């Protein structure tokens with residue numbers, strides 16, 4: 001991965017309120033096991049902007065896309081839920097976008113995302129002075145967050161300290177804890193106001209001091225927790241990439257469980273952009289994953305201020321997808337197109353799709 005200081009292409013300044021030009025947006029879609037028809041439908045809904053697809057062909061080799069505004073990220077990383085390759089894939093895609101595409105703003109999406117407002121409204125939304133849109137919780141400043149997920153941020157996965165700090169969190173909340181959705185993720189809440197709960201909190205604070213816990217966080221590099229689905233202007237994306245490449249950062253986060261929920265908000269907070277709320281609305285969590293929207297959620301989706309939502313069913317013919325695109329976004333729901341007969345659809349070095357079967361002699 002190249003250092004951002006050596007990346008070709010102009011680094012634009014943030015859009016100004018009086019700029020009458022349409023902002024140029026790159027939507028990065030992290031894809032692995034979803035249906036290509038659903039990604040095609042998403043890409044058509046985001047036109048005319050570029051949709052840069054990072055697809056893990058090792059998981060779904062037959063993945064042909066037909067939308068004219070799609071580009072593939074070359075040399076995609078091996079990804080998966082809670083696999084650090086997902087993080088590497090995000091930053092690999094950001095690096096590719098900075099090096100090869102002229103854009104004002106980058107928005108990260110999943111194949112299960114859809115816009116829930118017209119793209120013109122999103123263009124107007126990002127054309128002001130706000131430089132990044134994301135939500136997060138200060139891990140050192142929020143006891144519920146520290147006791148819910150501190151073990152994942154402050155101790156290596158599968159270590160003895162990891163198991164011990166996790167157990168202290170369970171003691172702190174007890175059987176009566178509640179779950180609350182915040183910053184696009186969920187946290188336990190309602191910690192026990194008891195001597196045992198107080199002792200567990202004190203123990204975690206002692207065990208996770210930098211000198212004891214052997215983590216990289218301190219007063220100048222505080223940890224934050226939140227959703228990975230951020231949007232940011234070009235110079236913020238470049239700043240995130242530069243910090244990701246700083247000595248020790250990638251190595252430390254690569255040993256954490258579900259590292260993206262800490263790494264992305266932490267880097268964004270330390271780049272220090274003018275911040276706005278995240279552009280996503282995340283469906284309520286069902287255990288470890290967000291639930292899926294149904295038609296009954298449509299009226300609620302109409303009222304929320306976000307511009308994107310997840311998760312939607314992985315089926316372009318799903319009634320909720322069709323109605324959201326036609327009634328909320330104001331575009332025809334792309335139903336799919338005839339696809340070339342091929343075993344593998346892989347990107348060329350320039351990011352364009354190549355039909356390997358057709359190219360064979």
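Throughout, read-outs are computed from the coordinates displayed, never taken from laboratory work. This structure is a prediction, so every number in the text was calculated from the model and none was measured. Using ideal geometry, Cβ is built from the backbone for each residue, glycine included, and neighbour counts are taken over all protein chains shown.
Side notes on the structure shown:
- Of the peptides 104-110, 42-48, 301-307, the ranking by mean beta-carbon count within 10 Å, highest at the top, reads 104-110, 42-48, 301-307.
- Shape of segment 66-145, Cα gyration tensor, a/c cut at 1.5: oblate
- Full-extension gain in nm, residue 33 to residue 209, via 0.36 nm per residue minus C-alpha separation: 59.4 nm
- Relative packing of peptides 321-327, 53-59 - highest average C-beta neighbours within 10 Å first: 53-59, 321-327
- With the simple spin-label model, which puts each label point 7 Å out from Cα in the Cβ direction, the residue 317 to residue 160 separation comes to 5.7 nm.
- Relative packing of peptides 34-41, 197-204, 135-142 - highest average C-beta neighbours within 10 Å first: 34-41, 135-142, 197-204
- Maximal additional length on extending the residue 220-residue 21 stretch stands at 67.8 nm, based on 0.36 nm per residue less the C-alpha distance.
- Fully extending the segment from residue 59 to residue 252, taken as 0.36 nm per residue of separation minus the present Cα-Cα distance, adds 66.8 nm.
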